[in-house]
1. Out of the residues in the range 106-135 meeting the condition of being closer than 13 Å to LEU87 by Cα and not hydroxyl-bearing (Ser, Thr, Tyr), tell me which one is surrounded by the fewest Cβ atoms within 10 Å (Cβ to Cβ).
2. Considering only the range 66-105, how many residues are surrounded by 15 or more Cβ atoms within 10 Å (Cβ to Cβ) and outside any helix (DSSP H, G or I)?
3. I want to confirm something. Restricting to the range 167-197 and keeping residues that are among the β-branched types (Val, Ile, Thr) and under 18 Å from the mean Cα position of the chain (by Cα), which single residue is surrounded by the fewest Cβ atoms within 10 Å (Cβ to Cβ)?
4. Show the residue pairs that are 6+ apart or on different chains and have beta-carbon atoms under 8 Å apart, the first residue being within the range 179-200 and on the phi > 0 side of the Ramachandran plot, the second being of a type in the set (Asp, Glu) and modelled with pLDDT under 95.
5. Output the residue which, of all residues in the range 22-33 that are in contact with a helix residue (DSSP H, G or I) (Cβ under 9 Å, 6 or more places away or on another chain) and of a type in the set (Gly, Ala, Ser), is least open to solvent (accessible area, probe 1.4 Å).
Amino acid sequence: ALILEKNLKPGDKLPNETILSQRLDVGRSSLREAMKLLASRNIVTVRQGSGTYIAASPGMVEDPLGFIFIDNKQKLVQDLLEVRFLLEPIAAMAATRADEKDIKKITALCDEVETLLKNHEDHTQKDIDFHTAIALSSKNVVVPRLIPVINSSIPLFVETTGGILCRETIESHREIADAIACRDPLRAQDAMYLHLVYNRKWICSLSQKQ
């Protein structure tokens, strides 16, 4: 009820346990049980050392499309990429509809991905967060239900390419973020398209070598 009342959105952080207990006038044990229930329904996500957040796709399980049961991961990554191409106009929608808060979040995540890549650290989750933020900025109520296609494809892309697209990822992410910040839908769509083209090129080349 509090989440709905405060109109909290995916990615928003909930107050800490002490504040919530006081605000809701309940004991911590009851609050923890409620959080476990919300987490089991994928309404909130608990990040150790960070806090509790509204889930990116509230109410949806992590693998609603059953990708885990597809054994041929090479075929899966290629087919996911095909679907990603169908979804790339989402970036144009984000450029048109994103508010200042959305733009700040997209830009900040772009910076975080770049820092992780330059430090040769795992950037997969922040990459997912970046693309999720763009999708949510489209303000289309159906798009969040398509996010599992994006979330499932990114780790596979990173694993398949072995992280060799470091420079391309930094440059293309920056171009996408800048285009959205400038509210230029055509530039944003072109930038996302080229980002996927680079992924497809490397995935196809790696597939041919196997």
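1. Here the residue is ALA135.
2. Final tally of qualifying residues: 3.
3. ILE170
4. none
5. GLY27
The values are calculated or read from the model by the stated rules, or taken from the named source; none is laboratory data. Model, not experiment: these values are computed from the prediction. Every residue, glycine among them, receives a Cβ derived from its backbone with ideal geometry; neighbour counts consider all protein chains shown. In case anyone asks, the SASA skips ligands and DNA or RNA and just uses the protein heavy atoms, side chains included. Shrake-Rupley method; radii C 1.70, N 1.55, O 1.52, S 1.80 Å.
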